[in-house]
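Take a look at the structure set out below.
The values are calculated or read from the model by the stated rules, or taken from the named source; none is laboratory data. Owing to the predicted nature of the structure, the values given are computational and were not obtained by experimental measurement. Neighbour counts are summed over all protein chains in view; Cβ atoms, including those assigned to glycine, are modelled from backbone coordinates with ideal geometry. To get the accessible areas, we keep the full protein, side chains included, count just its heavy atoms, and leave off ligands, DNA and RNA. Shrake-Rupley method; radii C 1.70, N 1.55, O 1.52, S 1.80 Å.
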Amino acid sequence: MIKITNLEKFYRTEEVETIALNKLSIEIATGEFVAIMGPSGCGKSTLLNILGMLDDPDAGSYVFNDIEVAHFTERKRADLRKHNIGFVFQSFNLIDELTVFENVELPLIYTGVAASERVKRVEEVLDKMQIMHRRNHYPQQLSGGQQQRVAIARAVVNKPKLILADEPTGNLDSSNGNDVMELLTDLNEQGTTIIMVTHSEHDARYSHRIIRLLDGQSVMENIMV
Amino acid sequence: MLKNYFKIAWRNLIKHKVFSLLNVCGLAIGVATFWLISLYVTDEWSYDRYNDKADRIFRVVQHADWNGGKSNIAVTSAPFAPALKNDYPEVENAIRIDAEGGGKITYGDKQMNEGDMYFTDNAIFNVFSYHFLYGVARSALVKPQSVVLTKTLAQKLFGEAAKALDKTILIENNPNTITGVIDDVPVNSHFTFAALRSFPANYTAPWGNSNLYTYLLLKNHDDYKHIEAGSGAFFNKYLKGDKGPMHYQLELQPLTSIHLNSNLDYELGANGNITYVYVFGGVALLILAIAVINYVNLTTARSSVRVKEIGVRKVIGSSKKQLMSMFFAESVLLTMIATLAAGVLIQFALPYFNQLSGKSLVLMQFGLTKTVVAFIVFALVTGILSGLYPALLLSGFSTISAMKGQVGNQVSTVLFRKSLVVFQFIVTIVMIAGSCIIYQQLHYVMNKDLGFNKAQVLTFHIRDKSARTKIAAIKSQLMQNPAIESVGIAGNPIGDNYIGSGNFNVGADGKVNSESKIVETLVIDEDFIPTLQIKLAQGRNFSAAMATDQKQAVMVNQTLVNELGWKKPVGRMVHTGVDEQGNVITQKIIGVVMDFNTYSLQHKVAPMVLQMPAEANDEDNLYVRMGKNNIPATLSYISKVYSRFDTENKAEFRFLDQNFANQYQSEQKQGSILFIFTLLAICIACLGLFGLVTFTAEQRVKEIGIRKVLGASVTNIVTLLSKDLMKLVLVATVIASPVAWFGMHKWLQSFAYRVNIHWWFFAVAGAAAVLIAFITVSTQSVKAATANPAKSLKSE
């Protein structure tokens, strides 16, 4: 599904140039659950941003579903993104002014799904995430665990092929964290590819494979059994 | 999708109440001002356009200049209309209007004075669109001594308009048959009247007697060019014999441009002024711009609050276009609310505005549907305009920076925002300086020494012709009251900007020579100069004791002497005209008066000749100087004396200072309107400043806390928060000063006597703006500075 080759990304200020990704090459197959680990500043988030097409690389190739996307325009990337990729963040990033239902509905609005179909799909996914009873609440009225469920519901409502999760349990206690990991595992078992950045060895154990980064390079891969 | 946008927009408005309220208030005031002025401007534009054939109707006016004089007059003489119709096949119809048809109306035992009655030709009904309620347009004014009344006059005379038809009324004791009743003439006409009368049969007058108005209905609009081009030939054919050689031009004024563009001598009524329409229109747009800028500034300044939401929306699939639509939804929703509020404000303010502008505007001036459509379109356009920059800016943030909340306030955005604040204050300061200078000028013209003492002088017109022959008796009876100091007589009330003119010192053969002048002529008696306390420069005043003074003596003013460069004017013999037998009249200058103003101060003192009345009828304006005490009793005494001589008319007093003050009414109106707009502009600009400083204080709450912990005083903090904004106001003062100087310099050109524009006017305007801005900013910065730092630091 994903093949990156010799990917490079630099950050420049007036005086210093920092290498975030240094000729990084990774392949991820459809249906995999991959965890990316490494110390702060190793390039995890940069990699996730590029994989999620939020950012473009300075050099190298990124093939997504057999399409070279490294030099796509912002608009093309956005279009590919909204149909194929779902995001889950450490800080949930729900929109405060919208209810649970409306937050989950938003991606469907942006992809132009008809209203009746939207209601059906949002209810379906809320049901699956066991958050249906909170559909008319605002994010501030929910616990962290509930908020992350909503965020996951929002990420999957469009049935993306790939979910990118950036420390999804970072702001949760262990019990809520485990619930979230179970949810992701379920999704993966139903066929969704998942790439997750994490600091937690515990969470990483839910994945099939761990890629460890240091200074923008892959230094080790662990296959989980 | 749209529903979703408006839902979010609404929730955002509710969530940030203070900023929403600031935005709504600012926009509502801006929109209300804009609408009020738009109503005013469209009303000014609408003059005479209700006429079905408006685009083909023209008024004929004359321009001429010759050695020693020029004239630009709206009047023509009686033969113009038939001659033009005869000479030019392009003329479909030509009609005349003579405004001198007013007078006393008698019906049975009912009597009233009605000044607004015009003599005219029957074809007027083919040219102008007057709607007949009773009677027939085709024949109404064909016969002499016919009269067509407007509905209001008919109702005044007969109770019901329907009863008027075919009745006979007396106008100045001549019987006239009412042949029709028409709807009242719309107020947005450059002339209105109470009744139209037919001319006497085959009415005509000499070519040189320009005392009526000629209107043409042309077959095609463009035909006027051909007629204007024939001016020279027309002059040679008809007018040269009467007037002698001169440069002459006929002008055909399009009907719809008369109200705003014509400012000739002897206009049929007070016209508007296109410049003020442009100025007010411009001011309206600027005030709206100030309000829109508030929205732009508050929205972009607060972008950091929204930035994360924007990032999230982008990540989950929103395109730039969709984001922009969302921001447009917010600005449109806000302007919709503001426009509704503005509607309420307008309804509330209209009576006051009407009083100020002398109009009778209503909110639904153009009907309900048009108004509602206009309101919606306007709200949409304003909403999109105010949302444009914020939408472009906010939707343009890069996704990752937005997610990290790193976009806050870039240098370029801050600079742009500052420029907008400067722009707002430039407009405000120009308006403050403008109001200040208009006030100074009006104060100056009201208080300038006019060369005579205008206080406690009352003037009134003697209506009754027989009373005019008993002037001496009236004067002596008035003088019996010790409260009356003196009584003088003149042929005109001064200060009304209407004094006749004549030739002075033409050649011995009656032809123009190098020492001749067009001069103002004023007929006065020997008591006029002492009554008005006009000073003598040389020679003596007229004397009742000198029999020769009446026919053989004149007095002149200093300007005339200066212009002709005479060293010894007194004793000179001058030619002052031609008598009925064609002999040149020669008179002797017996005295020179110091200049005094007979016209308001838009006009320079003109060369002037004072003569004694040749006939009793020339003395029809009394000037009475009274003591300061018990004026009501004196007035009632004068009324009583007057009623002994004129049993039909009441004495209509006017104070001389009021005569002059009336000539500044239009300037005063403009001054008041501009003053109110200035207040509104200041108000809106300050709302914006208030919003900005509130937000800055909110954003810097932690910094303020730290500074206080480190020992900063309240003054330090207030300075910190206010400094930047105050600098902007100072920059605005510097830029605004030359702009205001230029504008006000132009405005002052309409006065012959004017104040000097001093540098400190602008300093005062700038200081006022700085002060107001500082007070606004302080309210919030002091609050932030006195807050408990422990709280702000803990909240982090």
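Given the structure, is A:Asp215 within 14 Å of chain B (Cβ to nearest Cβ) and either on the phi < 0 side of the Ramachandran plot or surrounded by fewer than 23 Cβ atoms within 10 Å (Cβ to Cβ) (or both)?
Numbers: within 14 Å of chain B (Cβ to nearest Cβ): no; either on the phi < 0 side of the Ramachandran plot or surrounded by fewer than 23 Cβ atoms within 10 Å (Cβ to Cβ) (or both): yes.
So A:Asp215 does not fit the description; no.
Within segment B:400-414, none of the residues are part of a helix (DSSP H, G or I), open to solvent by 30 Å² or more (accessible area, probe 1.4 Å), at pLDDT 85 or above and among the hydrophobic types (A, V, I, L, M, F, W, C).
Tallying residues that are among the β-branched types (Val, Ile, Thr) and either without any contact (Cβ under 8 Å) to a residue 60 or more places away in the chain or farther than 20 Å from B:Asn51 by Cβ (or both) within segment B:200-257 yields 1.
Just one residue in the set B:Leu133, B:Leu157 is of a type in the set (A, V, I, L, M) and surrounded by 20 or more Cβ atoms within 10 Å (Cβ to Cβ); that residue is B:Leu157. Taken as a whole, segment B:279-292 holds no residue that is buried (at least 19 other Cβ atoms within 10 Å of the Cβ), in contact with a strand residue (DSSP E or B) (Cβ under 9 Å, 6 or more places away or on another chain) and not hydroxyl-bearing (Ser, Thr, Tyr).
Summed over segment B:595-645, residues that are closer than 22 Å to B:Phe655 by Cβ and part of a strand (DSSP E or B) total 6. Test A:Asp66 against the stated conditions and say whether it is within 8 Å of chain B (Cβ to nearest Cβ) and either surrounded by fewer than 15 Cβ atoms within 10 Å (Cβ to Cβ) or farther than 20 Å from B:Lys321 by Cβ (or both). For A:Asp66, the condition - within 8 Å of chain B (Cβ to nearest Cβ) and either surrounded by fewer than 15 Cβ atoms within 10 Å (Cβ to Cβ) or farther than 20 Å from B:Lys321 by Cβ (or both) - is not met. Is it fair to say B:Ala784 is of a type in the set (A, V, I, L, M, F, W, C), surrounded by 19 or more Cβ atoms within 10 Å (Cβ to Cβ), closer than 30 Å to B:Leu27 by Cβ and more than 45 Å from the chain's Cα centre (by Cα)? Yes; evaluated as a whole, the condition is true for this residue.
Would you confirm, using the coordinates I've provided, whether B:Lys702 is surrounded by 20 or more Cβ atoms within 10 Å (Cβ to Cβ) and farther than 18 Å from B:Ala769 by Cα? It is false that B:Lys702 is surrounded by 20 or more Cβ atoms within 10 Å (Cβ to Cβ) and farther than 18 Å from B:Ala769 by Cα. Looking only at residues of segment B:206-243 that are more than 34 Å from the chain's Cα centre (by Cα) and open to solvent by less than 20 Å² (accessible area, probe 1.4 Å), we find that the one that is modelled with the lowest pLDDT is B:Leu239.
Residues in segment A:91-118 that are touching a Leu at 6+ places or on another chain (Cβ under 6 Å) and either open to solvent by 20 Å² or more (accessible area, probe 1.4 Å) or at the interface with another protein chain (Cβ under 8 Å from one of its Cβ atoms) (or both): A:Arg118 only. May I ask you to verify whether B:Thr382 is surrounded by 13 or more Cβ atoms within 10 Å (Cβ to Cβ) and part of a helix (DSSP H, G or I)? So B:Thr382 fits the description; yes.
Quick check on B:Lys321: is it among the basic types (Lys, Arg), within 14 Å of chain A (Cβ to nearest Cβ) and surrounded by fewer than 20 Cβ atoms within 10 Å (Cβ to Cβ)?
On the way: among the basic types (Lys, Arg): yes; within 14 Å of chain A (Cβ to nearest Cβ): yes; surrounded by fewer than 20 Cβ atoms within 10 Å (Cβ to Cβ): yes.
The answer is yes for B:Lys321.
With B:Leu13, B:Leu27 as the choices, which residue is more than 22 Å from the chain's Cα centre (by Cα), within 30 Å of B:Leu687 (Cβ to Cβ), open to solvent by 20 Å² or more (accessible area, probe 1.4 Å) and not β-branched (Val, Ile, Thr)? Lay out the reasoning, then the answer.
Details: B:Leu27 fails: open to solvent by 20 Å² or more (accessible area, probe 1.4 Å).
Residue meeting the stated conditions: B:Leu13.
Within this structure, B:Phe348 passes the test of being hydrophobic (A, V, I, L, M, F, W, C) and in a helix (DSSP H, G or I).
Once segment A:79-90 is narrowed to residues that are more than 9 Å from chain B (Cβ to nearest Cβ) and touching an Asp or Glu at 6+ places or on another chain (Cβ under 9 Å), the residue that is most open to solvent (accessible area, probe 1.4 Å) is A:Gln90. Condition (residue is surrounded by 15 or more Cβ atoms within 10 Å (Cβ to Cβ) and under 30 Å from B:Asn505 (Cα atoms)) applied to segment B:77-90: is it met by at least one residue? Yes, that holds for at least one residue.
Which members of segment A:158-179 meet the condition of being within 17 Å of A:Phe64 (Cβ to Cβ) and not in a loop (DSSP other than H, G, I, E, B)? Walk me through it before giving the result.
The first filter runs over segment A:158-179 and keeps only residues within 17 Å of A:Phe64 (Cβ to Cβ), leaving A:158-164.
Hits for segment A:158-179 are A:Leu162, A:Ile163, A:Leu164.
Scanning segment B:216-233 for residues that are touching a helix residue (DSSP H, G or I) at 6+ places or on another chain (Cβ under 6 Å) and over 10 Å from B:Leu252 (Cβ atoms) gives B:Leu217, B:His221.
Residues are listed down the side, and each one gets a yes or a no for (1) in a helix (DSSP H, G or I); (2) basic (Lys, Arg):
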position: B:Tyr439; (1), (2): yes, no
position: B:Arg468; (1), (2): yes, yes
position: B:Ser476; (1), (2): yes, no
position: B:Asn481; (1), (2): no, no
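When the criteria are applied in full, B:Ala651 fails the requirement of being touching a residue at least 60 places away in the same chain (Cβ under 8 Å), open to solvent by 40 Å² or more (accessible area, probe 1.4 Å), aliphatic (A, V, I, L, M) and under 25 Å from B:Pro530 (Cβ atoms).
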